[in-house]
Amino acid sequence: MQHASLRGPAHLPFMSTVTQPLGDEAPNERLTQECRTDSQFMEMLNAYRQSGGLARAQEVFVQFKTRSAIEPSVLARWIVKRSVISFDWQSKVWIPLFQFNRDGMTLQTGIVEVLMALNPVFEPWELAYWFAQPNRWLQDGGKPADLIRTDAHAVLRAACSDRFIAH
């Protein structure tokens, strides 16, 4: 199976490109957006590696079943209520693992408060990207995902600052 980002413009139906009026860039814009999204996903995949990585929701549900006293249905509620970070990429739901304690899969201290600050101004994808990027409000421009375990208060302050700017 060929990865969508490797196909290039040739995957567009021939007739739709030939019959398209000159100057209409909709298919190219869509392809550009898909490439940008793929690129951002790869950035997040690399950025989250140090803090536990990314996993598909199905994998996280299995971890809940095997390593946690918490029912997997609780994870489903957290996802729906946006009490945890989850986002869609290529028709799959992805979850950054930094937000869970490895012992028992409970929520990381401070994550709920940070999400409460950011959810009103960021979409799920933007939220996941925010945690994966260096942040000027954090010491040495650290990434929120890397620092929430050791300095949740600093991450919350950074979230509040960025919410104020984004709002």
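The values are calculated or read from the model by the stated rules, or taken from the named source; none is laboratory data. Since this is a predicted model, take the numbers as computed values, not measurements. Here Cβ is always computed from backbone atoms with ideal geometry, including for glycine, and neighbour counts include all displayed protein chains.
Computed values, structure above
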read-out	value
Unmet criterion (only one of (1) out of contact with any strand residue (DSSP E or B) (no Cβ under 7 Å at 6 or more places or on another chain); (2) assigned to a loop (DSSP other than H, G, I, E, B)) for Val84	(1)
Criterion (assigned to a helix (DSSP H, G or I) and among the aliphatic types (A, V, I, L, M)) met by exactly one of Val93, Val62	Val62
Given (1) surrounded by fewer than 20 Cβ atoms within 10 Å (Cβ to Cβ); (2) touching a helix residue (DSSP H, G or I) at 6+ places or on another chain (Cβ under 6 Å); (3) at pLDDT 95 or above, number of the condition Arg163 does not satisfy	(3)
Residue satisfying all of: in the range 114-154; in contact with a Ser or Thr (Cβ under 7 Å, 6 or more places away or on another chain) and farther than 16 Å from Trp89 by Cβ; surrounded by the most Cβ atoms within 10 Å (Cβ to Cβ) among these	Ala145
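Yes or no, residue by residue, for (1) over 16 Å from Leu75 (Cα atoms); (2) in contact (Cβ under 8 Å) with a residue 12 or more places away in the chain; (3) aromatic (Phe, Trp, Tyr):
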site: Met105; (1), (2), (3): no, yes, no
site: Gly110; (1), (2), (3): yes, yes, no
site: Val121; (1), (2), (3): yes, yes, no
site: Phe131; (1), (2), (3): yes, yes, yes
site: Asp140; (1), (2), (3): yes, no, no
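Results for (1) of a type in the set (Ser, Thr, Tyr); (2) at pLDDT below 95; (3) within 24 Å of Cys160 (Cβ to Cβ), shown as yes or no for each residue.
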site: Cys35; (1), (2), (3): no, yes, no
site: Ser39; (1), (2), (3): yes, yes, no
site: Lys65; (1), (2), (3): no, yes, no
site: Pro72; (1), (2), (3): no, yes, no
site: Val84; (1), (2), (3): no, no, yes
site: Pro96; (1), (2), (3): no, no, yes
site: Asp103; (1), (2), (3): no, yes, no
site: Asn119; (1), (2), (3): no, no, yes
site: Glu126; (1), (2), (3): no, no, yes
